[in-house]
1. For the stretch 145-156, indicate whether the set of residues that are over 18 Å from residue 71 (Cβ atoms), in contact with a strand residue (DSSP E or B) (Cβ under 7 Å, 6 or more places away or on another chain), in contact (Cβ under 8 Å) with a residue 60 or more places away in the chain and not in a helix (DSSP H, G or I) is non-empty.
2. In this structure, does residue 139 turn out to be within 26 Å of residue 105 (Cβ to Cβ), modelled with pLDDT under 95 and surrounded by 15 or more Cβ atoms within 10 Å (Cβ to Cβ)?
3. On the basis of being surrounded by fewer than 17 Cβ atoms within 10 Å (Cβ to Cβ), modelled with pLDDT of 95 or more, out of contact with any helix residue (DSSP H, G or I) (no Cβ under 9 Å at 6 or more places or on another chain) and over 18 Å from residue 76 (Cβ atoms), does residue 235 make the cut?
4. So residue 27 ticks every box in (1) on the phi > 0 side of the Ramachandran plot; (2) in contact with a helix residue (DSSP H, G or I) (Cβ under 6 Å, 6 or more places away or on another chain); (3) surrounded by 19 or more Cβ atoms within 10 Å (Cβ to Cβ) but one. Which box is left unticked?
5. Would you confirm, using the coordinates I've provided, whether residue 190 is surrounded by fewer than 22 Cβ atoms within 10 Å (Cβ to Cβ) and over 19 Å from the mean Cα position of the chain (by Cα)?
6. Confirm whether residue 89 is without any contact (Cβ under 8 Å) to a residue 40 or more places away in the chain, assigned to a helix (DSSP H, G or I) and either within 14 Å of residue 140 (Cβ to Cβ) or touching a strand residue (DSSP E or B) at 6+ places or on another chain (Cβ under 9 Å) (or both).
7. Consider residue 141 against the criteria (1) in contact (Cβ under 8 Å) with a residue 24 or more places away in the chain; (2) outside any strand (DSSP E or B): it satisfies all of them except one. Which criterion is unmet?
8. With respect to the numbered conditions (1) under 16 Å from residue 128 (Cα atoms); (2) part of a loop (DSSP other than H, G, I, E, B), which one is the sole condition not fulfilled by residue 236?
């Protein structure tokens, strides 16, 4: 019996430590690095639950400098999509805004559409949208790192809102350009599922968590980030048929 107990203890000692939700101090250091435009130390290996916990702590810290959470972003270039929180900072810049090219340590642009939610959790308006990411927030590979880093969401530029009756009609092709050169041709907006299916699934998931979509909230449906970073002096634009164009100039 004593020998069996010793063997069990030895096996436990040899087993890798289970990942856990990063503590508040660790997440605060991570957030501070992002605010200072540095690449933070990656969180240790995380489970899916730990990644969501880390994201919640990061969002609560960043909500102070970046503004309240006003909706949800979906990294929807693959299924299942990954969820992130949209801050006021992701929603405040309008088309034509001039933004510093080095707004983050690892800038990247993700094209998409921004939905404004109306009564009953239905989309009442849509805009072409450019999410300005800082991939420093996802310093390690893998889905868990993207979730823990809140998808790298940093800033955003929004086009003119257009009333929308049926979200399914947004499943159209789009073009992302930098200084007139095509960066990406996006079939079906570059989304892995139709916009209406993505919104319906999100609404079900949030309702199951006891926080249904509410009127006035926003949902960003994002394609994959562009493979090149913006440079000073460039003008980037996303054209979405039926919604128009959103543009951002970099200084």
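1. Checked against the condition, which is being over 18 Å from residue 71 (Cβ atoms), in contact with a strand residue (DSSP E or B) (Cβ under 7 Å, 6 or more places away or on another chain), in contact (Cβ under 8 Å) with a residue 60 or more places away in the chain and not in a helix (DSSP H, G or I), the stretch 145-156 yields no hits at all.
2. Yes, satisfied.
3. yes
4. Result: residue 27 passes all but (1).
5. So residue 190 does not fit the description; no.
6. No.
7. (1)
8. Condition not satisfied by residue 236: (2).
The values are calculated or read from the model by the stated rules, or taken from the named source; none is laboratory data. Fair warning: this is a prediction, and the values are worked out from it, not measured in the lab. Note: ideal-geometry Cβ built from the backbone for every residue, glycine included; neighbour counts use all protein chains shown.
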